[in-house]
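Reviewing the structure listed below.
Taken together, the values in this text are just the output of simple stated rules run on the coordinates, not laboratory data. Since this is a predicted model, take the numbers as computed values, not measurements. Cβ placement follows ideal geometry from the backbone for every residue including glycine, while neighbour counts extend to all protein chains displayed.
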Amino acid sequence: VDDVDELQNLPLRVVLPLVSSAAVTVVSVVFVAFVWWPAALTLLTCLAAAAVIATGWGWVSGARAERSIAPLRGRLADAVADHLGSLDVLVACGAEASSRARIQQRDDALRRAVVRRAAAQAASTALVSLLAGAASVLAVLVSAPAVAAGGLSGPGLGVVVLVPMAVFEVFTTVPLAASAWRQVRAAADRIAEAVPAVGDDATGELRPATGTPPALGDGLHLRAVSASWPGDDPDSGTGGDAVPATPVLRDLDLDVRPGERLLVVGSSGTGKTTLAHALVRFLPVAGDYRIGSLPVSSLAADDVRRTVGLCEQQPMLFDEDIRQNLLFARDTATDAELEDVLERVGLGGWLRERGGLDARVGERGALVSGGQAQRIALARGILHDFPVLVLDEPTAGVDADASDALLTDLLQAVGPDQAVVLISHVRVPDGLVDRVLRLDDGRLTEISATR
């Protein structure tokens, strides 16, 4: 989060100071040149020296401290979070003092890095001030003979002496902008490392999204599809973008027809979540995967996800009210539509008890149960009106007694034209799905057609 915030400093603390300094420098040098060109040449030389010396000094003395501040801040935050989260255990085991000492050590390391960065910035600013004085002194030296000879007037001498001082007042922001640039670049590098680019298909090729959902046509069709998680096979030489030699899904065949209710069952570790992520193109796939007549390999992943939606095992709820947690699925929805969709997923009574759409759900949904979070996630999918909706283990974390009721409400709430791929480790009540498939060893086999 801190690194993302740091990127926002680019226009304010880097671009704007550099552009302002450059504009003032050009105008001032040209103006002094009209008064007395040797003084303008002296000013330009001093400004160039200030840019090289002050910025270079800041780079040498402060770059290492600047790069270390964000990681040190993160380690301090981790230590504090660990201490608070396990405080009862630490007290019981008599280890609270050592935990506090670890926090203090990390705080001291962060403070030293901040002091080193501040010292480097102060030294750079001091160098610029010294060069400003040197520019004024040199202006006097090169202009004095002209004044004595009558070639430069007294007011002209005042201009060539005072303008450098004013210019350098603005120029002091250049070393600070260079420091800010180093911090922004370091933040961008850390973000790039944490969020590597993932291609839209097994070749790693990126395609721009069109914003138009591909037509479902006669449904989804998968033939001899293989998929795996990036990095599962570090010896494959693919860098995590292509399907490794031993994928989780192997030669999988699947058809999902419009409006069909499909149940995929299987034990833990058989690839059910892998299938869910492959269907919405969160994972690269090999083989023939089509939406209607269109090969998914020819589509941008974002466009695929306009047709195939996913409700994950642990839905992401934001620390906002219920309204905002639904509106990002369709921001034009009215309050009446939001209340109606919550009624459809079985949350009408709960909504009224909570006081309406303004009730907050807490950080990451801390104020709602697992079943309620799944119902809110389904409400999003209904609002977005995905032609195909994938429900990945919606009963995970839900009591067994409430599981049947939750599955019944979820499947009955979805519109008749929406296809549903329900991925679950439990069977559903009779009459709710059209077909039941078992995923075993990366392959699907049909168990039954239930209706």
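Quick notes on this one:
- Shape category assigned to segment 2-194 from the gyration tensor of Cα positions, a/c cut at 1.5: prolate
- Sorted peptide list for 104-114, 53-63, criterion being average Cβ within 10 angstrom, highest first: 53-63, 104-114
- Over the chain, volume per residue of the alpha carbon convex hull, in Å³: 227
- Database remark: amide H of Leu310 closer than 5 angstrom to the amide H of Val390 (H placed geometrically; neighbours at sequence offset of 5 or more, or on other chains; Pro and chain starts carry no H).
- Counted by Cβ distance under 14 Å from Ile382, the other residues give a net charge of -3, where Lys and Arg count +1 and Asp and Glu count -1.
- Residue-wise HN-Hα coupling along segment 416-426, computed from phi with Karplus coefficients 6.51, -1.76, 1.60 (Hz; x: Gly, Pro): x, 8, 8, 7, 10, 10, 9, 9, 8, 9, 10
- Proportion of all alpha-carbon pairs of segment 83-179 beyond 22 Å (%): 59
- For segment 220-449, the Cα gyration tensor yields ellipsoid semi-axes of 31, 19, 17 Å (square root of five times each eigenvalue, largest first, whole Å).
- Summing Lys and Arg as +1 and Asp and Glu as -1 over all other residues whose Cβ lies under 11 Å from the Cβ of Asp409 gives a net charge of 0.
- Based on alpha carbons, the Rg and Dmax found for segment 277-377 are 16.5, 50 Å.
- When the square roots of the Cα gyration tensor eigenvalues are ordered a ≥ b ≥ c, the ratio a/c for segment 316-357 is 1.5 or more and a/b does not exceed b/c, which makes its shape oblate.
- Residue by residue, segment 255-271 carries 3J(HN,Hα) couplings of 10, 10, 8, x, x, 7, 9, 10, 10, 10, 10, x, 6, 4, x, 8, x Hz when phi is fed to the Karplus relation 6.51 cos²θ - 1.76 cosθ + 1.60 (θ = phi - 60°); x denotes Gly or Pro.
- Evaluating 6.51 cos²θ - 1.76 cosθ + 1.60 at θ = phi - 60° for every residue in segment 171-182, the Karplus couplings come out as 5, 5, 6, 5, x, 5, 5, 5, 5, 4, 4, 5 Hz, glycine and proline recorded as x.
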